[in-house]
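The structure under discussion appears below in the form of structure tokens.
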Amino acid sequence: MEQLLQRLSTSKRVTWLTSQAVVLATACFYGLMLPLTMPDPAYGLFRFPDLKPVQMVGLCVALALPVLLVRRLPATVFAAILGESLLGDAFGARPLIMFVLLIGLGGYLAVRRPKAAAVGSVAGVVAACVNEIHVPGQNVGDVAQWAGGLALWFAVAWVFGGGVSQTP
């Protein structure tokens with residue numbers, strides 16, 4: 001029995017299934033949290049008041065689909081989610097979950113492509129500044145504080161991701 005458990009725990013198939021389950025769970029969590037992390041729910045998702053609940057779910061699913069490709073195209077998925085955050089800013093939507101996902105993707109990208117993760121992290125902080133500067137009542141100090149905190153989280157993710165890629 002012990003040998004069977006050891007064989008299963010080191011099996012490539014089990015590892016692949018586990019990683020696919022984590023990616024699927026992340027995509028589902030991201031899609032569910034998009035409408036829930038909106039700062040002003042009075043506008044509805046992306047300020048489209050004519051969207052019915054089914055259409056909003058469809059939009060959230062469509063926005064979460066790139067996450068499913070993270071194992072094959074991590075830099076492209078990072079760029080897609082970064083684009084979603086900038087596009088969301090154009091429509092007045094600023095869901096916090098996008099930046100939480102970007103930090104996680106930045107750490108994953110640091111494992112696979114450290115230089116791309118560093119560039120992506122800087123782009124993520126710039127996108128956060130662009131998102132935050134449009135919020136009424138925000139001053140430059142608030143935006144700088146938000147960007148500094150986000151930069152710290154990106155740096156931590158990058159360091160941990162780089163540490164994972166360096167372990168034998």
(request) Read phi for every residue in region 109-123 and hand back ³J(HN,Hα) as whole Hz from Karplus 6.51 cos²θ - 1.76 cosθ + 1.60, θ = phi - 60°, with x for Gly and Pro. (result) 5, 5, 5, 8, 9, x, 5, 5, 5, 5, 5, x, 5, 5, 5
(request) Could you point to the residue in VAL126, LEU152, LEU105 farthest towards the positive end of region 68-167's charge dipole, with +1 and -1 charges on the Cβ of Lys/Arg and Asp/Glu respectively? (result) LEU105
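Rank these residues by their accessible area, most exposed first, probe 1.4 Å: PHE78, PHE160, PHE91. Don't skip to the answer; put the middle values down first.
Values: PHE78 10, PHE160 145, PHE91 80 Å².
Final ranking, largest accessible area leading: PHE160, PHE91, PHE78.
The values are calculated or read from the model by the stated rules, or taken from the named source; none is laboratory data. Here the structure is a predicted model, which is why all the values come from computation and not from measurement. Cβ: placed from backbone, ideal geometry, glycine included. Neighbour counts: every protein chain shown. For the accessible areas, the whole protein counts, side chains as well, though only heavy atoms, and no ligand, DNA or RNA atoms are used. Shrake-Rupley method; radii C 1.70, N 1.55, O 1.52, S 1.80 Å.
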